[in-house]
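The values are calculated or read from the model by the stated rules, or taken from the named source; none is laboratory data. What you are looking at is a predicted structure, and each value in this text was computed from that prediction instead of being measured. Cβ atoms come from the backbone with ideal geometry, glycine included; neighbour counts cover every protein chain shown. For accessibility, only protein heavy atoms count, side chains too; no ligands or nucleic acids. Shrake-Rupley method; radii C 1.70, N 1.55, O 1.52, S 1.80 Å.
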Amino acid sequence: MHFDSNLNLISEKSISIIGYGNQGRAQALNLRDNGLNVIIGNIRDEYWERAERDGFKVYPIGDAVKLSEVTLMLIPDEVAPQVFKEEVEGNLRHGHVLCFASGYNVAFGYIKPPTYVDVVLVAPRMIGEGVRSLFLEGKGFPVLIGVHQDYSGRALDHALAIAKGIGSLNPGGVAIESSFWEEAVTDLFGEQVVGGGMLHLIRAAFEVMIEFGINPMVAILELYASGELIELAKAIYKYGLWDQLNLHSSTSQYGQQTRGPKIISEVVKATLRSVMEDIVSGKFAEEWMLEQRTAKKNFEKIWRENLSHEIVKVEKELYKLLRRLIQ
Ligand code: NDP
């Protein structure tokens, strides 16, 4: 774990940020506020204009890479391989530092950088908005850092300098040594199991509640719309997974600890293993790549099916009554 590093290694270098979205804007602003020399590479559209309004010099992607010695690839993972091949790769110079915020494309072989560059990972465990707002409060945030290729012999120091430059090592932050593979696998597993699992658990619970005659709106309020789920997540974040249970009544503590293991049985655990196997074997990445090649037809069908479920209809009615934002 690293709580500090030295900015000197990149302070004289020109840093190109490719993509001015969630992470791109936040990281570019933080690096500049830390006194570093930042330019932006983007397609000419509203993100380009936003970067200009923020006072940056903006270039077509290839030109930005050519004009820099350090490049942070901050575009969505699904478009990065093509952009890398067409606009980045040919403009990298010997000794260039190529930095990713996600391990996905390098870990699964969709981006194969040339041998003459440092390839490092600086992956914030924080959304872009948090990267900027914590920085403005003088606070840091966790990042995973890693080295895929150490051309200069100082790749890890480069990753640490970038981590410091984007503000992650301010008080409260830390850089944890990881790898492109570990970051990609944990990120996918976390979102598929905790995110995907939770969405489907909530929906299955809704279906069972309806079967037992519970008013669908009451079910949705109980399951997530009251905001109790937010408080639960915050309490886990603040006090830890089990210590937060002390905030609940004894009845709730007993119910959670006796019924929870019945739901997450050994059968479910075996399914978790198969989800993990699909990720580590690259099967999931291949499936997703195929999906994109077929214009995301199956993905769109899944979306349509999910949006046609009863829970969505009832939720819309409820949110209208509660005057929440609905599409
Ligand atoms: P965004 O979706 O916010 O990125 C948008 C940027 O990518 C815009 O500048 C957009 O430009 C550009 N872009 C989109 N499509 C293309 C294209 N085909 N060609 C060129 N540029 C394109 O991405 P994020 O900031 O969310 O993610 C960036 C990286 O950070 C990813 O690797 C992600 O995994 C990682 N990351 C993201 C986190 C998050 O909280 N979002 C957290 C940690 C890591 P335009 O629209 O002008 O084309």
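So here's what we get for this one:
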{"quantity": "Acute angle (nearest 10 degrees) that the helix 297-307 long axis makes with the longest principal axis of the chain, alpha-carbon atoms", "calculated": "40"}
{"quantity": "In the range 60-161, GluC sites (Glu not before Pro) in a DSSP loop with at most 12 other beta-carbon atoms within 10 Å", "calculated": "GLU137"}
{"quantity": "The range 8-177 - charge dipole about Cα centre, Lys and Arg +1 at Cβ, Asp and Glu -1, debye rounded to 20", "calculated": "220"}
{"quantity": "Accessible-area order (highest first, 1.4 angstrom probe) of the listed residues HIS94, HIS248, HIS148", "calculated": "HIS94, HIS148, HIS248"}
{"quantity": "Degrees separating the helix 155-165 axis from the principal Cα axis of the chain, which is the longest one", "calculated": "70"}
{"quantity": "Estimated 222 nm signal from helices in the chain, with DSSP H stretches of n ≥ 4 weighted -39500 (n - 2.57), rounded to 500", "calculated": "-14500 deg cm²/dmol"}
{"quantity": "Directionally averaged shadow of the range 183-321, computed from the convex hull of its alpha-carbon atoms, nm²", "calculated": "10.9"}
{"quantity": "Residue among ASP54, ASP77, ASP118 with the largest mean-square fluctuation in a Gaussian network model of the chain, springs linking Cα atoms under 10 Å", "calculated": "ASP54"}
{"quantity": "Cβ-placed point charges (K, R +1; D, E -1), dipole of the range 189-265 about Cα centre in debye, nearest 20", "calculated": "160"}
{"quantity": "Acute angle (nearest 10 degrees) that the helix 228-239 long axis makes with the longest principal axis of the chain, alpha-carbon atoms", "calculated": "60"}
{"quantity": "FRET efficiency, 1/(1 + (r/R0)^6) with R0 41 Å, evaluated for LYS297 and ASP63 via beta carbons", "calculated": "0.70"}
{"quantity": "Probe 1.4 Å - accessible area at PHE108, Å² to nearest ten", "calculated": "40"}
{"quantity": "Solvent-accessible surface ranking, highest first, for THR271, THR251 at 1.4 angstrom", "calculated": "THR251, THR271"}
